[in-house]
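Remarks on the structure that follows.
Just so it is clear, none of the values below were taken in a lab; they were calculated from the coordinates. Bear in mind the structure is a predicted one, so any value in this text is a computation, not a measurement. Note that we place each Cβ from the backbone using ideal geometry, even for glycine, and neighbour counts take in every protein chain shown.
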Amino acid sequence: MKKIISLILLFIICLGIVFCLQDIPFGAAKTKVGHYYIDNGREETGATNIVTSVVLNYRGFDTLGEVTILFLAAIGLGAVLATLKKKGKRQIEPASLILKTGCRFLFPLILLFGAYIFIHGHLTPGGGFQGGAIIASAFLLVYLGCRERKINEVANKITESIAGLVFIVMGLIGLTVGGHYFLSNFMPKGEINTLFSSGIIPIIYIAIGFKVGSELTGIIDNLMEKS
Amino acid sequence: MEFLSNYIYYIGAFGLIFIGLFIILVKHNLIKVIIGIGILDTGVNLFLIAVGYISKGTAPIFSKAGLDANNMVDPVPQALVLTSIVIGVAILALALSLAIRLYKHYGTLDLRKIKEQRW
């Protein structure tokens, strides 16, 4: 009964969407602003990756909101799970030698790859969020492989807070020194397509990388320890 | 057939969205409902990327000289989807933590028993 009602409802929604979609041709340019960003993005921001220049320069304020949502979700997860009674001593079965050695070998390499991704965010595909996710996966590997190890929670929180502060302070400096808006690019843009270019974008992406990495690691820590 | 080849990305995206909605509406297990939310999220992201696609376009990155700026896809939907993916991860983590609490409190993940519904 419930399935039939749901299917009828979905069919009605589907008909409405089909009528709407006939006015949206596939594969044609639809916005003018996207073309403006592609044409002028390199001169105005200095970043060769146009998506990065949209995320951090033209729409940097949205990114601040996004980071705030991630922060709120991590805090909410900690608050929801905080009152759970900790399961006494976890039954830890030590991992085998091969697993432990492989884990120890791969951990720094994954960290290095994550750092590469977020340092080169303005030149190649990637950026702070992706690099942060890769760094968190390295910590997840430690949790699954070398099971008796644990991250330092205080250091995790300090890293997260400092990275968030760097983002906001860079934005406020841009507001006072550089121009008339939050996160304006006040540093020299340098030569296009080199590592030290495009002003504040690499600095903010490094901060976002540390913040996302430590936040996701905190989420993993909460879910593994308290559940 | 021409309709299918023109709109195949839209059809795929809305297929994912409807599968997700159907799971959310029909299933009783809370974990399955969360999986449905994840599938719906993926469908919405795919639809946004498909809207921004330009025929035979390349990624909007000037990684080497000689790339044609007229031949690049729209960067704005890609930036929006970058935001949306991160928020999707945050929502999934929060929903899973709430599911853990519900399981500890009620001893079951069946939504019918939690809400004391008949069907």
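Quick one: compute the contact order of region A:103-155, relative version, from alpha carbon pairs under 8 angstrom and 6+ residues apart, as a percent.
35
Report the far tail of the P(r) of region A:170-225, meaning the percent of Cα-Cα pairs longer than 17 Å.
Result for the distance tail: 53 percent.
Can you pick out the pairs among A:Lys157/B:Lys104; A:Lys189/A:Lys211; A:Lys3/B:Lys27; A:Lys226/B:Lys104; A:Lys226/B:Lys115 whose Cα atoms lie more than 18 Å from each other?
Over 18 Å apart, Cα to Cα: A:Lys157/B:Lys104; A:Lys189/A:Lys211; A:Lys226/B:Lys115.
From Cα coordinates alone, what are the radius of gyration and Dmax values for region A:1-150 in angstrom?
When restricted to the Cα atoms of region A:1-150, Rg and Dmax are 23.4, 61 Å.
Report the longest stretch of chain A that contains none of the GluC sites (Glu not before Pro) sitting in a DSSP loop with at most 11 other Cβ atoms within 10 Å.
Longest stretch, sites excluded: A:1-147.
Jot down the per residue volume, in cubic angstrom and as a whole number, of the convex hull over the alpha-carbon atoms of region B:26-119.
107
If you bin the C-alpha pair distances of region A:88-221 every 10 Å from 0, what whole percents do you get?
Computed distribution, short to long bins: 13, 33, 30, 15, 7, 2.
Compute the long axis of helix B:75-106 from its Cα atoms, compare it with the longest principal axis of the Cα atoms of chain B, and write down the angle in degrees, 0 to 90, nearest 10.
Once rounded, one gets 10 degrees.
Would you pull out the residues with amide H under 5 Å of A:Thr48's amide H, same chain only if 5 or more places away, H placed 1.01 Å from N?
Residues meeting the criterion, in which the H sits 1.01 Å from N, are A:Asn193.
What percent does the relative contact order of region A:170-221 come to when contacts are Cα pairs within less than 8 Å and at least six residues apart?
Result for region A:170-221 is 21 percent.
Which ³J(HN,Hα) values in Hz, rounded to whole numbers, follow from the phi angles of region A:63-80 under the Karplus curve 6.51 cos²θ - 1.76 cosθ + 1.60, where θ = phi - 60° and Gly and Pro get x?
My calculation for region A:63-80 gives 5, 4, x, 5, 4, 5, 5, 4, 4, 4, 5, 5, 5, x, 5, x, 5, 5 Hz in order.
Considering Cα pairs under 8 angstrom that are at least six residues apart, work out the relative contact order of chain B and quote it in whole percent.
Here the relative contact order equals 25 percent.
Please give me, ordered by residue number, the chymotrypsin sites (Phe, Trp or Tyr not before Pro) of region A:157-195 that lie in loop per DSSP and have at most 13 other Cβ atoms within 10 Å.
Listed in order of number, the matching sites are A:Tyr181.
With a cap of 13 neighbouring Cβ atoms within 10 Å, and only residues DSSP puts in a loop, list the trypsin sites (Lys or Arg not before Pro) found in region A:25-132.
Qualifying residues, ordered by number: A:Lys85, A:Lys86, A:Lys87, A:Lys89, A:Arg90.
Cross-link partners among aspartates and glutamates for A:Lys32, C-alpha distance below 15 Å, same-chain residues fewer than 8 apart left out?
Output for A:Lys32: B:Asp74.
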